[in-house]
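Asker: The structure under discussion is supplied below as structure tokens; questions concerning it will follow.
The values are calculated or read from the model by the stated rules, or taken from the named source; none is laboratory data. From a predicted model like this one, the values you see are computed outputs, not experimental measurements. A quick note on method: Cβ atoms are made from the backbone with ideal geometry, for glycine too, and the neighbour counts reach across all protein chains shown. Side chains included, ligands, DNA and RNA excluded: accessible areas come from the protein's heavy atoms. Shrake-Rupley method; radii C 1.70, N 1.55, O 1.52, S 1.80 Å.
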Amino acid sequence: MPKKHKEIVLPALRGVMGDWVFYSCLMNVGELSSRVNYAKEIHENEALSDMIQRHLKKGRAAQIADYLKRQPERFFNSLVIATYGGQPNWHALSDVRSKAASDELKNLTEDTVSAVGFLTLTGQEKLFALDGQHRLAGIKKAVKDGLDNDPYDELSVIFVGHKDTKRGLERTRRLFTTLNKTARPVSKGEIIALDEDDVMAICVRRLIEQTDLFADDRIAFVASNNMPTANTTSLTTIANLYDVLTILFTNSHWDLREQKADLQRVRPDDETLDKYFKFAETYFLQLRKNFKALDEFFSAKNTEPVVKKYRGSHGGHVLFRPIGLEIMTRVIARFTKDMSLARATKLAAELPDSLNEEPFQWLMWEPNKKIMLNGHKVTIREVLLYMVGKNAKNYTEATLLDRYQRETGDDTAELPEKIR
């Protein structure tokens with residue numbers, strides 16, 4: 001039997017956009033969790049509704065719930081909620097001007113006055129989220145698990161009317177898809193530049209601003225892992241640096257190892273954040289110490305001659321390519337299962353580092369066309385690990401040889417010799 005809800009009164013603004021009348025209200029998370037459901041009502045086909053529910057269960061509910069519990073600076077944008085049934089009523093504050101003590105409010109227009117008021121819900125309405133279903137799922141989980149808010153957080157919600165007719169269903173479905181298709185996710189570049197919760201983004205900025213490692217043009221401010229061919233001064237792109245730190249923080253065996261989603265959503269305390277930054281800085285200092293090419297780069301006042309020496313149509317050094325830096329970081333992170341970061345980096349320096357050497361030639365570097373290849377990351381990584389006897393159990397020598405021959409296009413190829 002559906003839960004009965006009491007009548008509530010919500011502070012609201014009334015607005016019109018196109019042919020939609022909407023009400024922008026404040027509603028606390030307890031009421032939101034209890035009263036609002038998912039958008040299964042807009043589908044006549046039950047299988048489509050079930051698909052929505054499965055998608056939400058696989059989604060980010062747990063991450064969002066954790067964000068609500070742990071982030072003191074938490075904030076959501078408005079959820080859009082459709083309502084039908086019951087008797088939602090709008091009550092405008094038409095007497096605001098007569099009771100206004102301030103001269104500023106005596107000049108309010110009729111349109112402004114009529115837009116301010118309260119929306120009452122009897123409790124008989126059916127409410128479902130058109131935009132913000134993952135946030136709703138996270139709210140429901142947080143409240144169910146026990147949310148230590150007293151009083152509960154208030155959220156901005158926008159109510160729109162829905163009619164349970166064929167035309168009404170079409171209209172609401174169109175709004176549902178419009179809201180979800182036009183919403184633009186925050187870009188990777190924006191996250192790196194602005195996010196104050198994402199540990200990798202914060203550490204990238206600190207490496208650029210607080211060290212000499214990536215100052216000025218030593219890093220390419222490009223929000224992708226593709227290094228512009230015209231760039232002759234930077235080691236890698238800012239997006240690749242973010243990915244490298246993500247691998248380092250989530251794959252290395254150390255005390256602060258966390259899942260990527262946890263590192264993106266909740267900012268740790270300053271002391272812990274400093275440890276992440278020092279770990280990142282130490283990693284690049286260890287690379288500099290153990291790889292002569294990187295020491296040349298980080299020591300140079302003018303990096304252009306160094307970059308041209310190690311990156312170009314001739315191939316060059318694996319660490320001067322974003323994909324190479326990524327793969328080598330994964331290899332070093334795997335090494336830390338058995339040794340310190342310093343020893344792991346030293347061991348990695350014993351591996352081949354030229355694109356014209358195995359296993360990079362034909363898997364990462366096409367010497368005839370002089371182009372980079374991006375489709376063989378796993379094979380390259382596991383072959384490098386094999387060369388020091390640390391390949392994964394499911395990548396046996398026979399499996400690796402088969403992959404190596406198939407991906408290089410040479411059925412007579414042999415795996416590179418082990419170095420240990």
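Asker: How many residues are under 10 Å from LEU119 (Cβ atoms) and either touching a Cys at 6+ places or on another chain (Cβ under 6 Å) or not hydroxyl-bearing (Ser, Thr, Tyr) (or both) when one looks only at the stretch 9-25? First the steps, then the outcome.
Answerer: Let us first name the residues in the stretch 9-25 that are under 10 Å from LEU119 (Cβ atoms), namely 9-14, 23-25.
Filter once more, keeping what is either touching a Cys at 6+ places or on another chain (Cβ under 6 Å) or not hydroxyl-bearing (Ser, Thr, Tyr) (or both): 9-14, 25.
Count: 7.
Asker: Right, here's the next one. Can you list residue pairs whose Cβ atoms sit under 6 Å apart, with the first residue in the stretch 123-148 being within 24 Å of TYR84 (Cα to Cα) and free of Cβ contacts under 8 Å to residues at least 24 places away in the same chain and the second being assigned to a helix (DSSP H, G or I) and of a type in the set (D, E, K, R)? Count only pairs 6 or more apart in sequence or on different chains.
Answerer: Between residues of the stretch 123-148 that are within 24 Å of TYR84 (Cα to Cα) and free of Cβ contacts under 8 Å to residues at least 24 places away in the same chain and residues that are assigned to a helix (DSSP H, G or I) and of a type in the set (D, E, K, R), there is no close pair.
Asker: Going by the structure shown, is SER224 at pLDDT 95 or above, small (Gly, Ala, Ser) and either in contact with a helix residue (DSSP H, G or I) (Cβ under 6 Å, 6 or more places away or on another chain) or part of a loop (DSSP other than H, G, I, E, B) (or both)?
Answerer: Details: at pLDDT 95 or above: no; small (Gly, Ala, Ser): yes; either in contact with a helix residue (DSSP H, G or I) (Cβ under 6 Å, 6 or more places away or on another chain) or part of a loop (DSSP other than H, G, I, E, B) (or both): yes.
For SER224, the condition - at pLDDT 95 or above, small (Gly, Ala, Ser) and either in contact with a helix residue (DSSP H, G or I) (Cβ under 6 Å, 6 or more places away or on another chain) or part of a loop (DSSP other than H, G, I, E, B) (or both) - is not met.
Asker: Those residues that are crowded, with 21+ Cβ neighbours inside 10 Å and part of a loop (DSSP other than H, G, I, E, B), I need them from the stretch 229-251; list them, please.
Answerer: Once the filter is applied, which keeps residues that are crowded, with 21+ Cβ neighbours inside 10 Å and part of a loop (DSSP other than H, G, I, E, B), the stretch 229-251 yields SER234, LEU235.
Asker: Within the set of pairs 6+ apart or on separate chains, which have a first residue in the stretch 387-412 that is at positive phi, a second that is open to solvent by 70 Å² or more (accessible area, probe 1.4 Å) and among the aromatic types (Phe, Trp, Tyr), and C-beta atoms under 9 Å apart?
Answerer: Matching pairs, first to second residue: GLY409/TRP362.
Asker: Something else: Considering only the stretch 233-252, state which residues are within 18 Å of the chain's Cα centre (by Cα) and of a type in the set (A, V, I, L, M).
Answerer: Selection gives ILE238, ALA239, LEU241, VAL244, LEU245, ILE247, LEU248.
Asker: What about LEU401, is it closer than 17 Å to ARG330 by Cβ and at pLDDT 95 or above?
Answerer: Taking the combined requirement at face value, the residue does not satisfy it.
Asker: Answer yes or no: is there a residue in the stretch 259-269 that is of a type outside the set (Asp, Glu), surrounded by 14 or more Cβ atoms within 10 Å (Cβ to Cβ) and without any contact (Cβ under 8 Å) to a residue 60 or more places away in the chain. So that I can check it myself, show each step before the final result.
Answerer: We begin by selecting, within the stretch 259-269, every residue of a type outside the set (Asp, Glu); these are 259-261, 263-268.
Those left that are additionally surrounded by 14 or more Cβ atoms within 10 Å (Cβ to Cβ): 260-261, 263-268.
Checking the rest, the ones that are also without any contact (Cβ under 8 Å) to a residue 60 or more places away in the chain come to 260.
There is at least one residue in the stretch 259-269 that is of a type outside the set (Asp, Glu), surrounded by 14 or more Cβ atoms within 10 Å (Cβ to Cβ) and without any contact (Cβ under 8 Å) to a residue 60 or more places away in the chain.
Condition check ((1) closer than 18 Å to GLY324 by Cβ; (2) of a type in the set (Phe, Trp, Tyr)) across all residues:
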| residue | (1), (2) |
| --- | --- |
| THR250 | no, no |
| ARG265 | no, no |
| ASP270 | no, no |
| PHE277 | no, yes |
| LYS292 | yes, no |
| SER299 | no, no |
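Asker: Pick from the stretch 282-291 the residues that are open to solvent by 30 Å² or more (accessible area, probe 1.4 Å) and not basic (Lys, Arg): which of them is nearest to ASP195 (Cα to Cα)?
Answerer: Let us first name the residues in the stretch 282-291 that are open to solvent by 30 Å² or more (accessible area, probe 1.4 Å), namely 282, 285-286, 288-290.
Remaining after also requiring not basic (Lys, Arg): 282, 285-286, 290.
Details: THR282: 23, LEU285: 25, GLN286: 27, ASN290: 32 Å.
Among residues in the stretch 282-291 that are open to solvent by 30 Å² or more (accessible area, probe 1.4 Å) and not basic (Lys, Arg), the one nearest to ASP195 (Cα to Cα) is THR282.
Asker: If GLY324 satisfies all but one of (1) open to solvent by less than 20 Å² (accessible area, probe 1.4 Å); (2) touching a residue at least 60 places away in the same chain (Cβ under 8 Å), what's the number of the condition it fails?
Answerer: In the conditions (1) open to solvent by less than 20 Å² (accessible area, probe 1.4 Å); (2) touching a residue at least 60 places away in the same chain (Cβ under 8 Å), GLY324 misses (2) alone.
Asker: Let me ask you something else. Being within 18 Å of VAL157 (Cα to Cα) and either assigned to a helix (DSSP H, G or I) or modelled with pLDDT under 85 (or both) is the filter here; which residues of the stretch 66-84 pass it?
Answerer: Residues of the stretch 66-84 within 18 Å of VAL157 (Cα to Cα): 68, 74-84.
Those that are within 18 Å of VAL157 (Cα to Cα) and either assigned to a helix (DSSP H, G or I) or modelled with pLDDT under 85 (or both): LEU68, TYR84.
Asker: Please give the number of the condition VAL9 fails out of (1) more than 29 Å from the chain's Cα centre (by Cα); (2) open to solvent by less than 90 Å² (accessible area, probe 1.4 Å); (3) at pLDDT below 90.
Answerer: Every condition holds for VAL9 apart from (3).
Results for (1) modelled with pLDDT of 80 or more; (2) of a type in the set (Lys, Arg), shown as yes or no for each residue.
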| position | (1), (2) |
| --- | --- |
| ARG14 | yes, yes |
| MET17 | yes, no |
| MET27 | yes, no |
| HIS43 | no, no |
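Asker: Restricting attention to the stretch 174-193, report how many residues are open to solvent by less than 70 Å² (accessible area, probe 1.4 Å) and over 29 Å from ARG267 (Cβ atoms).
Answerer: Final tally of qualifying residues: 4.
Asker: Identify, from the list GLY146, GLY117, GLY138, GLY123, the residue that is under 15 Å from SER34 (Cα atoms), at pLDDT 85 or above and buried (at least 17 other Cβ atoms within 10 Å of the Cβ). Steps first, please.
Answerer: Numbers: GLY146 fails: buried (at least 17 other Cβ atoms within 10 Å of the Cβ); GLY117 fails: under 15 Å from SER34 (Cα atoms); GLY123 fails: buried (at least 17 other Cβ atoms within 10 Å of the Cβ).
The match here is GLY138.
Asker: I'm trying to understand the selection: among the residues of the stretch 182-211, which are assigned to a loop (DSSP other than H, G, I, E, B) and out of contact with any Lys or Arg (no Cβ under 6 Å at 6 or more places or on another chain)?
Answerer: First, the residues of the stretch 182-211 that are assigned to a loop (DSSP other than H, G, I, E, B): 183-187, 195-198, 211.
Residues satisfying the conditions are ALA183, ARG184, PRO185, VAL186, SER187, ASP195, GLU196, ASP198, THR211.
Asker: Checking the condition more than 19 Å from LEU325 (Cα to Cα) and either touching a strand residue (DSSP E or B) at 6+ places or on another chain (Cβ under 9 Å) or of a type outside the set (A, V, I, L, M) (or both), which residue from GLU382, GLU414, GLU366 passes?
Answerer: Values: GLU382 fails: more than 19 Å from LEU325 (Cα to Cα); GLU366 fails: more than 19 Å from LEU325 (Cα to Cα).
Residue meeting the stated conditions: GLU414.
Asker: Tally the residues that are open to solvent by less than 70 Å² (accessible area, probe 1.4 Å) and either touching an Asp or Glu at 6+ places or on another chain (Cβ under 8 Å) or farther than 22 Å from ARG406 by Cβ (or both), restricting the search to the stretch 352-374.
Answerer: Here the count works out to 6.
Asker: If you don't mind, there's one more thing I want to ask. Would you point out which residue out of ARG403, ARG381 is over 31 Å from the mean Cα position of the chain (by Cα), among the charged types (D, E, K, R) and surrounded by 15 or more Cβ atoms within 10 Å (Cβ to Cβ)?
Answerer: Numbers: ARG381 fails: over 31 Å from the mean Cα position of the chain (by Cα).
When all the criteria are applied, what remains is ARG403.
Asker: Taking into account only those residues within the stretch 293-321 that are crowded, with 21+ Cβ neighbours inside 10 Å and of a type outside the set (A, V, I, L, M, F, W, C), which is farthest from TRP365 (Cα to Cα)?
Answerer: TYR310
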